[in-house]
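*Asks:* Please find one structure pasted underneath; my questions will follow.
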Amino acid sequence: MVLAHLCVYASARVALFYAWPEQFAELGLAGLGRALIAGVRFDLSIIAIGLAPAWVALALPWRFAASARWRDAWGWWGFAVLVLAAGLLIADACYFGLVQRHIGVELAALEDDVDLLIGMALREYLAATLGIVVFAAAGFFAWRRAMRWDARRHGGALAPLWAPLALGLALLVAIRGNVSGKPIGVVNAFESGSLAEGYLTLNGPFSVWHSSRNAKPKAVEYMPWSEAIALVQREVLAPSERLADATLPVQRARPARSSAEPNSSAPNGPKPNVVILLLESWDALAVDSIRAAHRLPPLGLTPRFDALAKDGVLFPRFYASGQRSMDGLSAVLCGFPTLPGMPYIGRGMEQSRLAFLGELARADGYATFFLQGSKRSSFRGNAIAALAGFDVYEGMEDIVEHQAREPMADWGSWDDDAFAETARLATAHDSPFLGLAFTTSTHPPFQVPGPEFERYPPDEQRHRYWNSIHYADWSLGRFFERAKREGWFANTVFVLVADHTSGMSEGDGSPASLHHIPCLILAPGLQPAIDSRISSQLDLVPTLVDLAGFTRPYAAFGRSLFEPGERGAWCIRGNVVLRVEDGGWVVHNTKARLEAKATEPADVDAIERRLLSFVQVATLLLRRNEVYRPDAALTPSDAGASMPSR
């Protein structure tokens, strides 16, 4: 059974390579060989899932399990799984030709359109359908012959008593794809950093299984496509940006910033370094400089952050894209949100081409590094970092090794060690460099290294959280002191932003308060200010393209924080979406409005319209793999004149 399945999967991989040569031209036969070898792990994982019932049934050490009827029944189960896999592999190859990625969660969207699916199979893809039928017919006779041979050789033999245990261990290893660490997922196919090789390593059934387990696509046709596109473009496109072709409505490039522009980041000097500090679970209202902007009394937890805020641009009305670290990573790394009914980054979203920040920086000659204070495999950070264009990746194990200090009792490395390692990596790289450091100390159970950081008695969770913020702030101060002392502070763009809130925010109780996080930007030539416009993590990729002057086209569902005009924030909590604007907010479950509040009643419908346009465009572009294409030609340089006006 296993050998037959492996042969079918390997054949499908070779067929995909030759069916769409333009997608895999960069790999050559050597790349095909690497993908065939690496792909065995993914093939065995999904094969084991499909054949597990048959394996277990045939390994039972009892007399009834040795009967011909029992063995035949489970033998034909194996054949049914093989035919299903072959059908999916053929359908996946056809789908790959349309969107240049494997089929995933969108397969579930067809459950309400069975007639459409049958019609397509009998018209547009008749040859593929016939191929499945021929395979099933020929396979039936070959499989029956193999089963008869097996019956003559092994019929009536009892499985040994140790077989179930041995088989259970084999199944566990096969399904997980490894002996230890996290089970493999879609993102692990891209650990080489090559999309083409990752696509060839992956297979359609594995992608469908892992992308669909926790996600179900929802209907997103809320308005005519042209209207939805116009609403989104008014929100995210700057007037000076040049568009790519019409099938890529959010991909664009921006001109270099002029030294005469306000908040210019020294455009005529050397390229600035970029350092993003992704702060675990920092609430906006734990930061005194933000509390002051909201006329709240101080807590005294963040004196170093507050001192830095006097030299940068502070955004006191800034929102997280979601409520999980993966939501924040997605927004910060590629300006794209986690969508209702769609897989998140590390679980299948990365199959669609996205404009990753590391790739944009590398295209402009930047060295890149990614560090997270938790274990290397946490959040599949090692695989995500490689895919997102980071040359160097480190986790807790590396921080402990280089800083010679034990990690926290739970969760990961101490923040001051993570920041020290970030500084070490920065000084080890020639400029320009882009680095991202994701901290951990402010994650539950909210640990501090000593009583000197206990500003509040650790008698309740909120106090322990505040103490961890106080410690993290102290660590932050030491990091910036070192950056200034070592001389790379002056030519570096720093972004200090949380991944999401702690869940203990003392906000106003509105849905927006569940996403309210701090954001501070320091950069060469950037004039200190407090920008009270609403903004979100989705605006960070365009902002860094703006400040660092990245020249490569990019795609994101946000706009540079230094562009004029009002803006809103898009926030997502599982299957619930939120739009926050100056005029109010709307909460929606993609089927009906759940809550709303606006200064003027008429504003609610307009806010909801903008919210749904975002969900519609982002979801369909991801499904169609039309978010980003690095080789897309830009429109003529005067394209900005035709931008929809705000």
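The values are calculated or read from the model by the stated rules, or taken from the named source; none is laboratory data. Everything numeric here is computed off the predicted structure, so don't read it as measured data. Don't worry about glycine lacking a Cβ; one is built from the backbone with ideal geometry, like all the others, and counts go over all protein chains shown.
*Asks:* Conditions: (1) surrounded by 17 or more Cβ atoms within 10 Å (Cβ to Cβ); (2) not in a loop (DSSP other than H, G, I, E, B); (3) not aromatic (Phe, Trp, Tyr). Glu481 meets all but one. Number of the miss?
*Replies:* All conditions are met except number (1).
*Asks:* Go through the stretch 290-306 and give me each residue that's in a helix (DSSP H, G or I) and either of a type in the set (Lys, Arg) or touching a residue at least 60 places away in the same chain (Cβ under 8 Å) (or both).
*Replies:* Ile290, Arg291, Ala293, Pro303, Arg304, Phe305
*Asks:* With the condition kept exactly as written, say whether any residue in the stretch 22-31 is surrounded by 21 or more Cβ atoms within 10 Å (Cβ to Cβ), in the same structural domain as Ala128 (by TED's automatic domain parsing), in a helix (DSSP H, G or I) and at pLDDT below 95.
*Replies:* no
*Asks:* Taking the stretch 369-421 as the search range and keeping residues that are of a type in the set (Val, Ile, Thr) and surrounded by fewer than 24 Cβ atoms within 10 Å (Cβ to Cβ), which one is farthest from Phe433 (Cα to Cα)?
*Replies:* Looking at the filtered set, the residue picked out is Val400.
*Asks:* Is at least one residue of the stretch 455-462 in a helix (DSSP H, G or I), farther than 30 Å from Pro528 by Cα and modelled with pLDDT under 95?
*Replies:* Yes, some residue in the stretch 455-462 is in a helix (DSSP H, G or I), farther than 30 Å from Pro528 by Cα and modelled with pLDDT under 95.
*Asks:* Also, I was wondering about something else. Residues of the stretch 470-511 being of a type in the set (Asp, Glu) and without any contact (Cβ under 8 Å) to a residue 24 or more places away in the chain, which ones?
*Replies:* If the condition is that a residue be of a type in the set (Asp, Glu) and without any contact (Cβ under 8 Å) to a residue 24 or more places away in the chain, then Glu481, Asp508 are the ones that fit.
*Asks:* Any chance the stretch 325-346 includes a residue that's within 22 Å of Tyr471 (Cβ to Cβ), assigned to a loop (DSSP other than H, G, I, E, B) and either touching a Ser or Thr at 6+ places or on another chain (Cβ under 8 Å) or touching a residue at least 60 places away in the same chain (Cβ under 8 Å) (or both)?
*Replies:* No; the residues of the stretch 325-346 include none that is within 22 Å of Tyr471 (Cβ to Cβ), assigned to a loop (DSSP other than H, G, I, E, B) and either touching a Ser or Thr at 6+ places or on another chain (Cβ under 8 Å) or touching a residue at least 60 places away in the same chain (Cβ under 8 Å) (or both).
*Asks:* May I ask you to list the residues in the stretch 564-589 that are farther than 10 Å from Leu611 by Cα and over 19 Å from the mean Cα position of the chain (by Cα)?
*Replies:* Listed by number, the residues that qualify are Pro564, Gly565, Glu566, Arg567, Glu581, Asp582, Gly583, Gly584, Asn589.
*Asks:* Name the single residue, out of those in the stretch 147-179 being in contact (Cβ under 8 Å) with a residue 24 or more places away in the chain and among the charged types (D, E, K, R), that is farthest from Arg71 (Cα to Cα).
*Replies:* Once the filter is applied, the top-ranked residue is Arg176.
*Asks:* Thr368 fails exactly one of the following numbered conditions: (1) of a type in the set (Ser, Thr, Tyr); (2) in contact with a strand residue (DSSP E or B) (Cβ under 8 Å, 6 or more places away or on another chain); (3) in a loop (DSSP other than H, G, I, E, B). What is the number of that condition?
*Replies:* Here Thr368 meets the rest and fails (3).
*Asks:* Quick one: in the stretch 163-188, of everything that is outside any helix (DSSP H, G or I) and not small (Gly, Ala, Ser), which residue is surrounded by the most Cβ atoms within 10 Å (Cβ to Cβ)?
*Replies:* It comes out as Ile184.
*Asks:* For Leu522, state whether it is over 25 Å from the mean Cα position of the chain (by Cα) and either outside the structural domain of Asp631 (by TED's automatic domain parsing) or farther than 17 Å from Pro337 by Cα (or both).
*Replies:* yes
*Asks:* Could you tell me how many of the residues in the stretch 314-324 are aliphatic (A, V, I, L, M) and either farther than 11 Å from Ile572 by Cβ or assigned to a helix (DSSP H, G or I) (or both)?
*Replies:* Of the residues in the stretch 314-324, 1 are aliphatic (A, V, I, L, M) and either farther than 11 Å from Ile572 by Cβ or assigned to a helix (DSSP H, G or I) (or both).
*Asks:* Filter the stretch 94-120 for residues that are under 24 Å from the mean Cα position of the chain (by Cα) and either modelled with pLDDT of 70 or more or in a loop (DSSP other than H, G, I, E, B) (or both) and give the result.
*Replies:* Within the stretch 94-120, Tyr95, Phe96, Gly97, Gln100, Arg101, His102, Ile103, Gly104 qualify.
*Asks:* In addition: Select from the stretch 173-194 the residues that are farther than 18 Å from Ser211 by Cα and among the polar types (S, T, N, Q) and list them in ascending order.
*Replies:* Selection gives Asn178, Ser180, Ser192, Ser194.
*Asks:* Test Pro343 against the stated conditions and say whether it is closer than 23 Å to Arg482 by Cα and either crowded, with 22+ Cβ neighbours inside 10 Å or at pLDDT 90 or above (or both).
*Replies:* Considered against the rule, which asks whether it is closer than 23 Å to Arg482 by Cα and either crowded, with 22+ Cβ neighbours inside 10 Å or at pLDDT 90 or above (or both), Pro343 comes out as no.
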